[in-house]
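Taking it in order: structure first as C-alpha cells, then the write-up.
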Amino acid sequence: MAGQHLPVPRLEGVSREQFMQHLYPQRKPLVLEGIDLGPCTSKWTVDYLSQVGGKKEVKIHVAAVAQMDFISTKSEVLNIDNPDLAKYPLFSKARRYECSLEAGDVLFIPALWFHNVISEEFGVGVNIFWKHLPSECYDKTDTYGNKDPTAASRAAQILDRALKTLAELPEEYRDFYARRMVLHIQDKAYSKNSE
C-alpha cells in the first residue's frame, strides 16, 4: 500500500483518569502497557482490545478524506496490504497506524475506525465496546454497544424505503433524483471537520 504507515504510540502505567482526561479526547489509537484490568468490563469502560496471550499484528485505518469508498455495512477490503484499488480507489488515502500487541497490552481504537487484526500465534483477545453516547442512542437490547446507534439504524431503514420508491421511476429520473438526494445528504449531514 502506498500511504504512510504510522506507529501506534505506546504508553505505560496510564490511569483511567489520565486516559479519559488527556488521551481519549485526542481520538487516536494508543497501546497501553502494564495496566491491571481486573474485571475488564467494569474497570475500563472504553473500546479496547486486550491481548491476554499470544501476539497480534494490528493495522488501523482512518479516513483521510470525507467519503471513503471502503466503508460500508461490513469491512469489505479483504487484503489491506494489497487492496483492490480499482474497487476501492480512496483506500490508499486512508491514514494507517500499525502496532504489534504482546500479552498484557491494551489497544484503544477510537469509535468508527476501520481495523484489521492478524494473529501471529495462538492467543486470546478481549474486545470491549464503550457506550459513550447517551443511553437513549442505543438499542435497549444492545448490551455491549456494538450495534449501530438507533438513529443510524432508523435512517438506514428510511433510506432503503426511499430507494425502493425511486425504483418506481425510469432509470434516467431515478439517477437524477438519487444524485440529488446524495448531494442533500452531503450538504446536511457530512461533518465539515472530517479528518
Please find, within region 101-118, the residue that is farthest from residue 132 (Cα to Cα) out of those that are more than 8 Å from the chain's Cα centre (by Cα), in contact (Cβ under 8 Å) with a residue 60 or more places away in the chain and not in a strand (DSSP E or B). 104
Output the qualifying pairs, or none if there are none: Cβ atoms under 8 angstrom, residues six or more apart or on different chains, first residue in region 150-162 and under 12 Å from residue 138 (Cα atoms), second residue surrounded by 11 or more Cβ atoms within 10 Å (Cβ to Cβ). 150/137; 150/138; 150/139; 151/137; 153/139; 153/147
Which one of 32, 37, 49 is within 22 Å of residue 118 (Cα to Cα), modelled with pLDDT under 85 and either of a type in the set (A, V, I, L, M, F, W, C) or assigned to a strand (DSSP E or B) (or both)? 49
Only one of these conditions is not met by residue 121: (1) surrounded by 12 or more Cβ atoms within 10 Å (Cβ to Cβ); (2) in the same structural domain as residue 31 (by TED's automatic domain parsing). Which number is it? (1)
The one condition residue 157 fails out of (1) farther than 18 Å from residue 110 by Cβ; (2) surrounded by 12 or more Cβ atoms within 10 Å (Cβ to Cβ); (3) not assigned by TED's automatic domain parsing to the domain that holds residue 105 is (2)
Hits in region 130-178 - residues which are under 26 Å from residue 20 (Cα atoms), among the hydrophobic types (A, V, I, L, M, F, W, C) and not in a helix (DSSP H, G or I): 130, 133
Pairs returned, first residue in region 167-183 that is of a type in the set (Gly, Ala, Ser), second residue that is surrounded by 10 or more Cβ atoms within 10 Å (Cβ to Cβ), beta-carbon separation under 6 angstrom, 6 or more apart or interchain, are 178/166
Please go through region 133-150 and pick out each residue that is surrounded by 11 or more Cβ atoms within 10 Å (Cβ to Cβ) and not β-branched (Val, Ile, Thr). 133, 137, 138, 139, 142, 144, 145, 146, 147, 148, 149
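The values are calculated or read from the model by the stated rules, or taken from the named source; none is laboratory data. All of these numbers come straight from a predicted model, not from anything done at the bench. For neighbour counting, all protein chains shown are included, and Cβ atoms are generated from backbone atoms with ideal geometry for every residue, glycine included.
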